[in-house]
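What follows is a short report on a single structure.
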């Protein structure tokens, strides 16, 4: 999926001013001839004695082999997690969220390092303009990342765009013990701030037990250090008000956490 930052910036401006795809699943229909053939083939069930060794071919065992391949090296089957990020209407400064990126990884500090400058792999475009496409392409090339992707459609929507206060994004990942989750989504009322877990990532298991419930306390607001900050919600170079993408004075600062914005979002994780 491509993301055009200029269009997204315009979308932010229009949506904020107003406030104050699915893929078809193919189906197969059997023909009448197929149905008749099926009927003719109905017979007494074959006993084990009637089956030759040739019938127990590698092809017939494919399902079992695929099941083994889905396990981790430690023999764990993957657990499915659904993460939901909601922008709170009652926040001190309600803000839209922007399309973001996520990754499941095993090494620490995969996306960024607290206290160090941005790596230039696409986090800047996500934090300044709500464009995760550059970062998503980089994540796909990293060997320590088992799974990555983007979230772009607000919950209940069918088109990519910002999630306004009261709505949010959801995405699903699979993981095994030892895996960590990192995601990033833009704090739109800023120059280059984004929400994410600690730079080490979020451990998805407590021992062998998957975590679930409200994990908001484990998520932080970060300053990417790539653009000079203006007062949140007022800056002319912030996405809702800027003339175009990558607008504002550049900054070569370290990535650092931003205090005093508790209650802006709620993040939950569900198993299954």
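The values are calculated or read from the model by the stated rules, or taken from the named source; none is laboratory data. Model, not experiment: these values are computed from the prediction. When we count neighbours, we look across all protein chains shown, and the Cβ atoms used for this are built from the backbone with ideal geometry, even at glycine.
Any chance segment 220-232 includes a residue that's surrounded by fewer than 18 Cβ atoms within 10 Å (Cβ to Cβ), under 14 Å from residue 114 (Cβ atoms) and in contact with a strand residue (DSSP E or B) (Cβ under 9 Å, 6 or more places away or on another chain)?
Among the residues of segment 220-232, at least one is surrounded by fewer than 18 Cβ atoms within 10 Å (Cβ to Cβ), under 14 Å from residue 114 (Cβ atoms) and in contact with a strand residue (DSSP E or B) (Cβ under 9 Å, 6 or more places away or on another chain), which makes the answer yes.
Suppose we filter segment 171-189 for residues that are in contact with a strand residue (DSSP E or B) (Cβ under 8 Å, 6 or more places away or on another chain) and closer than 20 Å to residue 245 by Cβ; how many remain?
5
Mind checking which residues of segment 99-132 are farther than 24 Å from residue 204 by Cβ and in a loop (DSSP other than H, G, I, E, B)?
Of everything in segment 99-132, those that are farther than 24 Å from residue 204 by Cβ and in a loop (DSSP other than H, G, I, E, B) turn out to be 115, 116, 118, 120, 130, 131.
Please determine whether any residue of segment 164-186 is modelled with pLDDT of 95 or more, crowded, with 24+ Cβ neighbours inside 10 Å, more than 12 Å from the chain's Cα centre (by Cα) and farther than 24 Å from residue 203 by Cα.
There is no residue in segment 164-186 that is modelled with pLDDT of 95 or more, crowded, with 24+ Cβ neighbours inside 10 Å, more than 12 Å from the chain's Cα centre (by Cα) and farther than 24 Å from residue 203 by Cα.
Does segment 139-157 contain any residue that is part of a loop (DSSP other than H, G, I, E, B), modelled with pLDDT of 95 or more and in contact with a helix residue (DSSP H, G or I) (Cβ under 8 Å, 6 or more places away or on another chain)?
Among the residues of segment 139-157, not one is part of a loop (DSSP other than H, G, I, E, B), modelled with pLDDT of 95 or more and in contact with a helix residue (DSSP H, G or I) (Cβ under 8 Å, 6 or more places away or on another chain), which makes the answer no.
Tell me, yes or no, whether segment 157-170 has at least one residue that is within 18 Å of residue 226 (Cβ to Cβ) and out of contact with any strand residue (DSSP E or B) (no Cβ under 6 Å at 6 or more places or on another chain).
No.
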